[in-house]
Amino acid sequence: MNTALMLIGLMTASANDSILSQVQHDFADNEGVKIHYVVMGEGPLVVMIHGFPDFWYSWRNQMKGLADEFRVVAVDLRGYNLSGKPQGVESYTMPRLASDILAVIQHVGEERAIIVGHDWGGAIAWTVAMTQPSMVEKLIICNLPHFKGLQRELARNPEQQKNSQYARNFQEPNAHLQLTAKVLAEWVADPDAKKLYIDAFEKSDFEAMLNYYKANYPRPPYTENDSPAIKVKCPVLMFHGLEDWALLPGALNDTWKWIDNELTLVTIPDAGHFVQHDASERVTQVMRRWLLDW
């Protein structure tokens with residue numbers, strides 16, 4: 001990889017944060033949109049996809065926990081940090097987002113990968129597994145129920161409808177004008193990490209971030225999707241922090257109906273939406289064991 005690319009993002013890093021000096025940086029090109037990613041370790045390919053509001057650094061603990069056995073790639077989604085920021089809601093439809101991940105897999109020279117996703121990254125991971133089954137060896141999802149489960153809860157569960165008000169707010173035309181890098185980083189507890197998040201969000205496009213909701217999140221009146229599910233063919237591991245107020249655990253019910261393989265579900269009582277942060281050691285431990293023992 002180009003030495004200059006390896007140095008991208010390191011200039012503002014604190015000297016004691018080891019992962020920032022261990023990862024290599026590169027870019028994949030997807031029809032003119034540059035997708036930034038970092039790489040760490042050697043072995044079978046694991047591609048990690050962050051959600052909102054986040055960037056590749058979300059997976060730092062899991063990367064360090066897997067890199068001795070796996071080649072771990074963590075992406076910046078389009079619109080975020082160092083990745084391209086195309087204009088228009090149509091640039092953020094789920095097929096386009098999924099194609100970014102396929103472009104990364106191909107760019108690192110592989111045909112298949114273990115896919116890990118959180119939040120919007122989880123939605124993209126589900127999509128890749130359903131539409132490109134030959135390219136997904138295993139699937140790991142953090143706090144993002146299957147689409148059918150979420151659609152059912154939005155249609156039936158008043159509490160989920162109420163708690164999804166934030167998504168409806170994000171779908172308003174000028175909602176991005178209410179956002180700042182500091183506001184988006186409020187959920188980050190560690191002060192050193194928060195500085196990196198604010199820096200990454202200052203490089204991001206707030207309108208692009210909310211285009212994910214405008215292009216893909218269901219809109220009222222909410223109805224169930226009764227079309228046949230495209231079943232996921234690979235083994236699936238799901239983590240769900242039960243304190244997640246945005247995505248309630250009721251949406252997890254019946255997930256097994258939409259998977260044509262083994263499903264392992266790990267619920268963590270004291271963790272919230274960012275389960276890979278709130279229960280970092282546990283998530284990394286279970287993820288590693290599941291991947292190595294399969």
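Values quoted throughout were computed directly from the atomic coordinates according to the rules given, and no laboratory measurement underlies them. Computed from a predicted model, the values in this text were never measured in an experiment. Note that we place each Cβ from the backbone using ideal geometry, even for glycine, and neighbour counts take in every protein chain shown.
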Handout entry: Neighbour cut-off at most 12 other Cβ (10 Å), DSSP loop, GluC sites (Glu not before Pro), segment 52-118
Key = Glu111
Fill in the blank from the handout: Note to self: C-alpha centroids of segment 233-254 and segment 146-173 sit apart, in Å, by 15
Handout entry: Amide H within-cut-off set for Ser204, under 5 Å, with H built and near neighbours excluded
Key = Asn81
Problem - Dipole magnitude of the chain, debye to nearest 20 (Cβ charges: Lys/Arg +1, Asp/Glu -1, about Cα centre) - result: 400
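Based on the alpha-carbon set only, what is the convex hull volume of the chain divided per residue, in Å³?
Working: hull volume 36.6 nm³, N = 294.
Measuring per residue, one finds 125 Å³ for the Cα hull of the chain.
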Exercise for the section: Step through the residues of segment 120-126 one at a time and calculate ³J(HN,Hα) from phi using the Karplus curve (6.51 cos²θ - 1.76 cosθ + 1.60, θ = phi - 60°), rounding each to whole Hz and writing x for Gly and Pro. Expected result: 4, x, x, 4, 5, 4, 4
Exercise for the section: Among DSSP beta bridges lying fully in the chain, give the percent that are antiparallel, nearest 5. Expected result: 30
Completion exercise
Residues of segment 78-108 with backbone N under 12 Å of the label point set 7 Å from the Cα of Ile230 along Cα→Cβ are 94-96, 98-99
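What fraction of the Cα pairs in segment 84-176, stated in percent, has a spacing above 15 angstrom? It would help to have the intermediate numbers written out before the result.
Details: 2891 of 4278 pairs.
Tail fraction, whole percent: 68.
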Handout entry: Contact order normalised by residue count of the chain, Cα under 8 Å, 6+ apart, percent
Key = 19
Problem - Estimated inter-spin distance, Leu242 and Glu202, nm [label 7 Å along Cα→Cβ] - result: 4.1
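May I ask for the net charge around Ile105, where only other residues with Cβ less than 14 Å from the Cβ of Ile105 are counted and Lys, Arg are +1 while Asp, Glu are -1? Provide the component values of the computation, followed by the final result.
Working: positive: Arg71, Arg112, Lys138; negative: Asp26, Asp29, Asp100, Glu110, Glu111, Glu137.
Counting the neighbours of Ile105, the net charge comes to -3.
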Fill in the blank from the handout: Nearest-0.05 FRET efficiency for Glu31 and Thr180 at R0 = 35 Å, using Cβ-Cβ distance, is 0.70
Problem - Candidate lysines for bridging to Lys138, where Cα separation is under 22 Å - those fewer than 8 sequence places away on the same chain excluded - result: Lys64, Lys148, Lys231, Lys233, Lys257
Exercise for the section: Enumerate the amide H contacts of Met238 below 5 Å, restricted to partners 5 or more residues apart or on another chain; note that Pro and chain-start residues carry no placed amide H. Expected result: Ile141, Thr264, Leu265, Val266
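Around Asp254, what is the net charge, scoring Lys/Arg as +1 and Asp/Glu as -1 over all other residues with Cβ under 9 Å from its Cβ?
The answer is +3.
I'd like to compare 268-277, 252-261: which one has the highest average count of other Cβ atoms within 10 Å, and what's the full order after that? Could you put the intermediate results ahead of the total?
Values: 268-277: 19.3, 252-261: 15.3.
Result, highest mean first: 268-277, 252-261.
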